[in-house]
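One structure below.
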Amino acid sequence: MQTILIVGGGAGGLELATRLGKKLGKSGQAHITLVDKNTSHIWKPLLHEVASGSLDTDTDGVIYSAHAARHHYHFQHGELIGLDAGQKHIRLAAIHTDAGELLVAERTLSYDTLVLAIGSVSNDFNTPGVSQHCYFLDSAPQALRFHRALMNNFVRFSQQNDDRALNIAIVGGGATGVELAAELYHVAALAKRYGLSGMSAKKLKIHLLEAGPSILPALPKRIADAVRKELSLLGVEVRENTKVSAANAEGFITADDTLLNAEMMVWAAGVKAPDFIAKLGIFELNRLQQILVTPELKAKGQEAIYVLGDCCGFQQQDGSWVPPRAQSAHQMASLVGQNILRQRRQKPLKAFVYKDHGSLVNLSRYSTVGNLMGNLTGNSMFIEGKLARFVYMSLYRMHQIAIHGWWKGMLLVLVEKMNRAVRPKLKLH
């Protein structure tokens with residue numbers, strides 16, 4: 001029986017495990033195991049909502065072990081710390097309780113086919129002080145850590161009788177930074193409903209810093225202009241052409257040696273593949289430490305290892321790299337699933353072709369803007385408002401359907417609507 005290991009339960013990894021469980025695991029043709037250092041999954045584009053408290057991982061997350069039992073694959077909780085491509089096994093770190101007690105010893109797992117879908121982490125570009133003083137939003141635990149600190153500050157500033165504002169500085173004008181800024185104003189306005197009578201959007205001051213000439217540099221100028229206007233109306237101070245040279249306990253220090261004071265600092269400026277990939281010394285990497293792959297999404301020089309998602313370095317014919325987005329991971333997971341099935345039937349493998357379906361930026365309940373790419377013409381169409389919001393939410397619904405199936409996916413949509421009617425709109429703990 002073929003043993004397939006998938007390391008990383010993000011959008012791509014979880015969708016692939018679900019697909020292979022249905023195709024091979026259910027019939028006993030293969031033993032499929034998903035490995036992740038966390039015990040539950042949350043769609044990464046929604047982590048800014050987890051950080052703000054708009055989304056509750058306790059109700060909106062997917063528990064890997066329960067999902068695995070329903071979809072005919074196995075789940076192993078653990079963090080990848082070693083890989084022996086010659087012996088075809090991976091090594092997982094030991095797991096300890098919060099008190100330091102050994103729960104699960106370090107172990108190895110063997111494979112016939114390995115899929116690496118370990119995602120990405122924030123790239124701090126070795127900026128002094130950033131790792132010590134900033135919050136990151138690479139995972140649900142990091143987002144929850146930010147949320148706890150945010151609620152503590154909401155309580156503290158709610159008790160003040162003066163007009164001092166809670167200063168939050170966000171470095172990085174990409175989608176994460178932009179969406180977080182808007183979401184924070186939304187939850188600050190909600191706080192007054194839930195006992196924090198002294199807190200409001202007026203007591204919040206957000207600084208969005210972008211080193212380049214424009215926020216949302218990967219998107220068309222029209223979208224960036226529309227988003228900048230919306231953020232300014234909310235009260236966000238957008239600072240473009242502002243490079244951060246260091247961070248300390250008081251705030252960010254810019255390249256012109258100016259201190260920007262902030263009680264909370266978030267780093268969302270670029271991503272890279274995790275550092276331990278380079279330390280393995282096995283793969284060819286690009287400058288973002290992504291693993292270089294063949295057209296079929298196999299790691300170069302490794303016949304038994306596929307790579308997908310943010311950690312995958314796929315260079316297109318025009319020289320550009322496939323961007324680290326959820327739609328990229330979804331498309332790669334689909335192709336890797338097909339190629340694993342085709343390889344079992346000894347059929348030629350398919351080459352990956354990335355299709356850019358456009359990009360959307362959701363500014364909480366205030367606005368949604370973006371562009372949709374025409375598959376036939378290659379032209380883009382600018383959309384905003386309710387239509388853009390509908391398309392944005394449709395992307396998440398497609399992910400839910402991919403991992404749960406149509407029937408349960410639609411039930412989840414109904415349950416979410418019911419929950420919005422009966423539970424607080426802000427996570428308070």
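The values are calculated or read from the model by the stated rules, or taken from the named source; none is laboratory data. A quick note: this is a predicted structure, and the numbers were derived from the prediction, not measured. Counting neighbours? That spans all protein chains shown, and the Cβs are built from the backbone with ideal geometry, glycine included.
Structure values in brief
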read-out: Whichever residue in the range 170-192 is touching a residue at least 12 places away in the same chain (Cβ under 8 Å) and more than 25 Å from ASP138 (Cβ to Cβ) and, among such residues, is surrounded by the fewest Cβ atoms within 10 Å (Cβ to Cβ); value: ALA189
read-out: Failed item in (1) under 30 Å from GLN87 (Cα atoms); (2) touching a residue at least 24 places away in the same chain (Cβ under 8 Å); (3) not acidic (Asp, Glu), with LEU292 passing the rest; value: (2)
read-out: Flag for ILE6 being under 21 Å from ASP275 (Cα atoms), assigned by TED's automatic domain parsing to the domain that holds LEU308 and modelled with pLDDT of 95 or more; value: yes
read-out: Unique match (being loosely packed, with under 15 Cβ neighbours inside 10 Å, more than 18 Å from VAL307 (Cα to Cα), of a type in the set (Ser, Thr, Tyr) and modelled with pLDDT of 90 or more) among SER110, SER65; value: SER65
read-out: Candidate set: the range 193-211, residues that are part of a loop (DSSP other than H, G, I, E, B) and loosely packed, with under 15 Cβ neighbours inside 10 Å; chosen: the one modelled with the highest pLDDT; value: SER197
read-out: Qualifying position, being assigned to a strand (DSSP E or B) and either in the same structural domain as ALA182 (by TED's automatic domain parsing) or modelled with pLDDT of 95 or more (or both), among VAL336, VAL266; value: VAL266
read-out: GLY195 being of a type in the set (Gly, Ala, Ser), within 23 Å of the chain's Cα centre (by Cα) and under 27 Å from ALA140 (Cα atoms); value: no
read-out: Every pair of residues 6+ apart whose Cβ atoms lie under 9 Å, when the first sits in the range 128-151 and is of a type in the set (Lys, Arg) while the second is surrounded by fewer than 17 Cβ atoms within 10 Å (Cβ to Cβ); value: ARG148/HIS429
read-out: Number of positions in the range 226-243 that are in a helix (DSSP H, G or I) and surrounded by 14 or more Cβ atoms within 10 Å (Cβ to Cβ); value: 6
read-out: PRO324 vs. criteria part of a loop (DSSP other than H, G, I, E, B) and over 30 Å from ALA149 (Cβ atoms); value: no
read-out: Unique residue being over 18 Å from VAL178 (Cα atoms), among the hydroxyl-bearing types (Ser, Thr, Tyr) and part of a strand (DSSP E or B) when the list is THR127, THR108; value: THR108
read-out: Some residue of the range 157-169 being touching a residue at least 12 places away in the same chain (Cβ under 8 Å), within 22 Å of the chain's Cα centre (by Cα) and not assigned by TED's automatic domain parsing to the domain that holds VAL7; value: yes
read-out: Hey, ARG287 in a helix (DSSP H, G or I) and modelled with pLDDT under 95 or not; value: no
read-out: Residue that is in contact with a helix residue (DSSP H, G or I) (Cβ under 7 Å, 6 or more places away or on another chain), among the charged types (D, E, K, R), modelled with pLDDT of 90 or more and farther than 30 Å from VAL187 by Cβ, where the choices are LYS88, LYS23; value: LYS23
read-out: Qualifying positions in the range 154-169 - at pLDDT 90 or above and either surrounded by 21 or more Cβ atoms within 10 Å (Cβ to Cβ) or outside any strand (DSSP E or B) (or both); value: LEU166, ILE168, ALA169
read-out: ALA255, sole failed condition from (1) crowded, with 22+ Cβ neighbours inside 10 Å; (2) more than 22 Å from the chain's Cα centre (by Cα); (3) among the aliphatic types (A, V, I, L, M); value: (1)
read-out: ASN123, sole failed condition from (1) in contact (Cβ under 8 Å) with a residue 40 or more places away in the chain; (2) touching a helix residue (DSSP H, G or I) at 6+ places or on another chain (Cβ under 9 Å); value: (2)
read-out: Subset of the range 244-263 (residues that are in a loop (DSSP other than H, G, I, E, B), out of contact with any Gly (no Cβ under 9 Å at 6 or more places or on another chain) and not aliphatic (A, V, I, L, M)); value: GLU250, ASP256, ASP257, THR258
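Let's see how each residue does on (1) in a helix (DSSP H, G or I); (2) within 27 Å of ALA93 (Cα to Cα):
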{"position": "LEU24", "(1), (2)": "yes, no"}
{"position": "GLY28", "(1), (2)": "no, no"}
{"position": "THR33", "(1), (2)": "no, yes"}
{"position": "LEU46", "(1), (2)": "yes, no"}
{"position": "LEU55", "(1), (2)": "no, no"}
{"position": "THR59", "(1), (2)": "yes, no"}
{"position": "ALA66", "(1), (2)": "yes, yes"}
{"position": "ALA69", "(1), (2)": "yes, yes"}
